[in-house]
Amino acid sequence: MIGGTLGYNLLTWIAPGEESAGLMTAPYANTSKLEMLLGQRFLDEIQGKTVLDFGCGPGNEAIEIALRGATRVVGVDIRAEFLETARARAIEAGVADRCVFSATAEETADLIVSLDSFEHFYDPAAMLRVMDNCLGPRGKVIASFGPPWLHPLGGHLFSVFPWAHLVFTERALLQWRRRFRPHQNPRKITECGLNKMTVGGFERLVARSPFRFERFEARPIRGLRCLSAPVLREFGTSVVTCTLVKR
């Protein structure tokens, strides 16, 4: 663990600005994220359904779900700027009559979807309880998130090189982050929209929740299936995908 002035100076040298921070790319550019992560089975399942999209961001997937055959879609996100963008996009796509966006979830759904959000929820256990309250008795939660915390790029913005978020101290990482976000002053990485979710942590989270796994998959980093061995799973899992049903 590298910290103090040395850690800060090294991070500043490696990534002097936000544009050079993190190694995350856009793996879903020019393709359907829903198809890549969830497949045709999911697209068949949404037909004629009411769907809630938790952590909808700017609305791309919620709008696609509406276009692909859902009767009603509600995108839920706490960021007002995302909701505003999503509403404008729904109007542009011609689905504003059946695809709406809100900061709270107040409808009962046949299906809940959550993509790339469980590693960001501030209180994921509370989020699962909210999902349980919004879901019909035979409904399902389909979730996918990644990379998890121990993945080489699990630090997201903080992954200036593989596993950098584990090499440097939290204090050094936050001091470096303030260089290009001086208006924010988090005391912990968990206050930066990253809850350090691991594969095992997610399994324990679900075990304590109102849900159980109907299906669970920890997908290894592409081309490195050897890392799917139990002892290496936390470091080699790229994406977690699962279906949850009520107990």
Looking only at the stretch 101-125, and only at residues there that are within 16 Å of residue 46 (Cβ to Cβ) and part of a strand (DSSP E or B), the one that is nearest to the chain's Cα centre (by Cα)
115
Here the residues within the stretch 120-162 that are of a type in the set (Val, Ile, Thr) and farther than 30 Å from residue 14 by Cα are 130, 141, 142
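Here is a yes/no grid of residues against (1) in a helix (DSSP H, G or I); (2) of a type in the set (Gly, Ala, Ser); (3) surrounded by 14 or more Cβ atoms within 10 Å (Cβ to Cβ):
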residue: 31; (1), (2), (3): no, no, no
residue: 63; (1), (2), (3): yes, no, yes
residue: 70; (1), (2), (3): no, yes, yes
residue: 83; (1), (2), (3): yes, no, yes
residue: 91; (1), (2), (3): yes, no, no
Within the stretch 12-68, which residues are modelled with pLDDT under 90 and of a type in the set (Val, Ile, Thr)?
25, 31
Right, residue 158: surrounded by 15 or more Cβ atoms within 10 Å (Cβ to Cβ), aromatic (Phe, Trp, Tyr) and either at negative phi or within 21 Å of the chain's Cα centre (by Cα) (or both) or not?
yes
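Residue-by-condition table, conditions (1) among the basic types (Lys, Arg); (2) farther than 18 Å from residue 240 by Cβ:
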{"residue": "75", "(1), (2)": "no, yes"}
{"residue": "79", "(1), (2)": "yes, yes"}
{"residue": "92", "(1), (2)": "no, yes"}
{"residue": "105", "(1), (2)": "no, yes"}
{"residue": "112", "(1), (2)": "no, no"}
{"residue": "118", "(1), (2)": "no, no"}
{"residue": "123", "(1), (2)": "no, yes"}
{"residue": "142", "(1), (2)": "no, no"}
{"residue": "151", "(1), (2)": "no, no"}
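Does the stretch 178-195 include one or more residues that are touching a Ser or Thr at 6+ places or on another chain (Cβ under 9 Å) and either surrounded by 18 or more Cβ atoms within 10 Å (Cβ to Cβ) or free of Cβ contacts under 8 Å to residues at least 24 places away in the same chain (or both)?
Just the residues of the stretch 178-195 that are touching a Ser or Thr at 6+ places or on another chain (Cβ under 9 Å), to begin with: 179.
With either surrounded by 18 or more Cβ atoms within 10 Å (Cβ to Cβ) or free of Cβ contacts under 8 Å to residues at least 24 places away in the same chain (or both) added as a condition, the list becomes none.
No - not one qualifying residue is present in the stretch 178-195.
The values are calculated or read from the model by the stated rules, or taken from the named source; none is laboratory data. Given the structure is predicted, the values throughout are model-derived calculations rather than measurements. Cβ sites come from the backbone with ideal geometry, for glycine too, and all protein chains shown count toward neighbours.
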